[in-house]
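J.: Just dropping this structure here.
The values are calculated or read from the model by the stated rules, or taken from the named source; none is laboratory data. Since the structure is predicted, the reported quantities are computational estimates derived from the model, not experimental observations. As a convention, Cβ positions derive from the backbone with ideal geometry for all residues, glycine included, and neighbour counts pool all protein chains shown. For accessibility, only protein heavy atoms count, side chains too; no ligands or nucleic acids. Shrake-Rupley method; radii C 1.70, N 1.55, O 1.52, S 1.80 Å.
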Amino acid sequence: MTQLEYVDASDGRPLNLMLIYPAAPAPAAVPFKMHLAVNLHLYKDAPVVSDGLKHPLVMFSHGAGGNGALYAWFGEYLASHGYLVAMLYHFRANTYDSSALYVRNRIWQRPHDLSLDISHLLQDKVWGSHINPNQIGVAGHSQGGFTSLWIGGAKVNPDLFVRFQRGWKTNETVPAYIREQMSVDAEPARDLRDDRVRAAFAMAPGDIRGFGMDEAGLRQMAIPTYLIVGAGDTTTPSDDNAGFAAKYIPHAQLDVMPGPVSHEIFGNECDQVGRDNFPDACNDAPGVDRVKLHDHIGNAALQFFDSNLNVRRESPK
């Protein structure tokens, strides 16, 4: 893994991401200790594997107020099968720098920035040569899952989106100086489809209807879509989100993991510090095995992207 920072040329905003990729670490290299996580096998700034191939790319959008590193296991899973995975830190909407201005008002910035980062990666002097521009997918969790639908062609209803924005603009529990910067304008949210993105893997996407995406908007989804959610998710319940989207997105696949599987199952396995300090995110219900479910989620994503990005693999000899 390596950390990259690009800049939005239009306004100077930093666009940060963690890139996880097939690597060839030195024999004596020690895995990088990811904050609050265990069972990862990532080597910081290790040389990229020199196979002379162009690899598929998956862009990853984290949940509201999260960050790409919280899902490093997912990047590692795909990278171990030849993918490059760009785990974004959405501007002013991540763990380290979060504001309601971006988390609740300018949410259209998310798919816009995914597109910017695709362009930056393809043009990058180091990484561009390792990416197949015809094999680009997107994945995301929660608000990031919603983002993956948005960039894939699903549309928000402008009137409903303005209602969502106005709800936060007039929410007096939000400090006035932040509300003053909030706009009530659906124009930037109207058409965020990126034709370079060929498949979308949405984990517990939401808030589908709250953000203004209705039946007609979901029918505009232009690419193959896989929706996966836990049956025990009370944050973005399937009936109102993943299940609702699956009814209207053409040819969508819906995978509801049975039992008390919560919204947070998609995050890394936690170390003891994480378990002690972030129990809701780290500790699963009795009988829920995060390791096994990560294997299921990772394999589902791998099969889905391989199939829909036309990734060819040599059969074992």
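J.: Tell me which residues come under 5 Å, amide H to amide H, from Gly140 once H is placed; ignore anything under 5 positions away on its chain.
T.: Ser61, Phe201, Met203
J.: Let me ask something else. How long are the three semi-axes of the equivalent ellipsoid for segment 137-256, computed from the Cα gyration tensor as the root of 5 times each eigenvalue, in whole Å, largest first?
T.: Semi-axes (√(5λ), whole Å): 25, 17, 12.
J.: Can I ask one more? Would you please give the residues with an amide H less than 5 Å from that of Asp255, counting only those at least 5 places away or on a separate chain, with H modeled from the backbone geometry?
T.: Leu227, Ile228, Val229
J.: Shifting gears a bit: Pull up all non-local amide H partners of Cys270: gap of 5 or more, or a different chain, and H-to-H distance under 5 Å with H placed in the peptide plane.
T.: For Cys270, the qualifying residues are Val38.
J.: I'd like the orientation of helix 109-123 relative to the chain: the angle between its Cα long axis and the longest Cα principal axis, in ° from 0 to 90, rounded to 10.
T.: Approximately 30 degrees, to the nearest ten.
J.: Counting helices only, and only those DSSP H runs with n ≥ 4, report the 222 nm mean residue ellipticity of the chain as the sum of -39,500 (n - 2.57) divided by its residues, in deg cm²/dmol to the nearest 500.
T.: Mean residue ellipticity at 222 nm (helix-derived): -8000 deg cm²/dmol.
J.: Hey, another quick one. Mind ordering 9-16, 207-214 by average Cβ neighbours within 10 Å, highest first?
T.: So the peptides 9-16, 207-214, ranked by packing, come out 207-214, 9-16.
J.: With θ set to phi - 60° and the Karplus curve 6.51 cos²θ - 1.76 cosθ + 1.60, what are the ³J(HN,Hα) couplings of segment 143-153 in order, to the nearest whole Hz, using x for Gly and Pro?
T.: 4, x, x, 4, 4, 5, 6, 4, 6, x, x
J.: Right, something else. In percent, what relative contact order does the chain have, based on Cα pairs under 8 Å that are 6 or more apart in sequence?
T.: Worked out over the chain, it gives 16 percent.
J.: Leaving ligands and nucleic acids out of the surface, order Trp168, Trp73, Trp108, Trp150 by accessible area at 1.4 Å, largest first.
T.: Largest accessible area first, the residues go Trp168, Trp108, Trp73, Trp150.
J.: Could I ask something else about it? Could you give the length gained on full extension between Asn310 and Ala26, defined as 0.36 nm per residue of separation minus the Cα-Cα distance, in nm?
T.: 99.1 nm
J.: Give the carbon-plus-sulfur fraction of the accessible surface of the chain in %, rounded to a whole number; probe 1.4 Å, heavy atoms of protein chains only.
T.: Numbers: 7230 of 14200 Å².
In the chain, the share of accessible area belonging to carbon and sulfur is 51 percent.
J.: Residue by residue through segment 39-48, what is 3J(HN,Hα) from phi via Karplus (6.51 cos²θ - 1.76 cosθ + 1.60, θ = phi - 60°)? Round to whole Hz and write x for glycine and proline.
T.: So the Karplus estimates, Gly and Pro as x, are 6, 10, 9, 10, 10, 5, 6, 5, x, 5 Hz.
J.: By per-residue mean of other Cβ atoms within 10 Å, what is the highest-first order of 135-143, 120-128?
T.: Highest to lowest by the protection proxy: 135-143, 120-128.
J.: Express the accessible area of segment 154-305 per residue in Å², computed with a 1.4 Å probe while the remaining protein chains stay in the model.
T.: Details: 7350 Å² over 152 residues.
Each residue of segment 154-305 exposes 48 Å² on average to a 1.4 Å probe.
J.: Also: Under a Cβ-Cβ cut-off of 9 Å, what is the net charge of the residues other than Val156 that fall near it, where Lys and Arg count +1 and Asp and Glu count -1?
T.: +1
J.: Students often forget the sequence filter, so: which lysines lie under 25 Å Cα-Cα from Lys155 once same-chain residues fewer than 8 apart are removed?
T.: Result set, ordered by chain and number: Lys169, Lys247.
J.: Need the full-extension length gain, Arg190 to Ile178, defined as separation in residues times 0.36 nm minus the C-alpha distance. One decimal, nm.
T.: Contour length minus Cα-Cα distance gives 2.0 nm.
J.: Moving to a separate point now. Under the Karplus relation 6.51 cos²θ - 1.76 cosθ + 1.60, θ = phi - 60°, what is the ordered set of whole-Hz ³J(HN,Hα) values for segment 267-284, x standing for Gly and Pro?
T.: Whole-Hz 3J(HN,Hα) from phi for segment 267-284: x, 4, 5, 9, 7, 5, 4, x, 4, 6, 9, 10, x, 5, 7, 9, 9, 8.
J.: Then there's this: Roughly what percent of Cα-Cα pairs across segment 101-161 reach past 15 Å?
T.: Details: 1051 of 1830 pairs.
Within segment 101-161, distances greater than 15 Å cover 57 percent of Cα pairs.
J.: Kindly identify the chain as rounded, prolate or oblate by the Cα gyration tensor criterion: order the square roots of the eigenvalues as a ≥ b ≥ c, call it rounded if a/c is under 1.5, otherwise compare a/b with b/c, prolate if a/b is larger, else oblate. Could you put the intermediate results ahead of the total?
T.: Working: a/c = 1.37, a/b = 1.30, b/c = 1.05.
It is rounded, given that a/c, with a ≥ b ≥ c, falls under 1.5.
J.: What's the ranking of 297-304, 198-205 by average number of surrounding C-beta atoms within 10 Å, highest first?
T.: Per-residue mean Cβ counts within 10 Å order the peptides as 198-205, 297-304.
J.: Taking the 0 to 90 degree range and rounding to the nearest ten, how far is the long axis of helix 290-308 tilted relative to the main principal axis of the chain, both from C-alpha atoms?
T.: 90 degrees
J.: Still on this structure, please answer the following. So, in nm, how far is label Phe278 from label Thr235 when the simple model puts each one 7 Å beyond its Cα toward the Cβ?
T.: Inter-label distance under the simple model: 1.0 nm.
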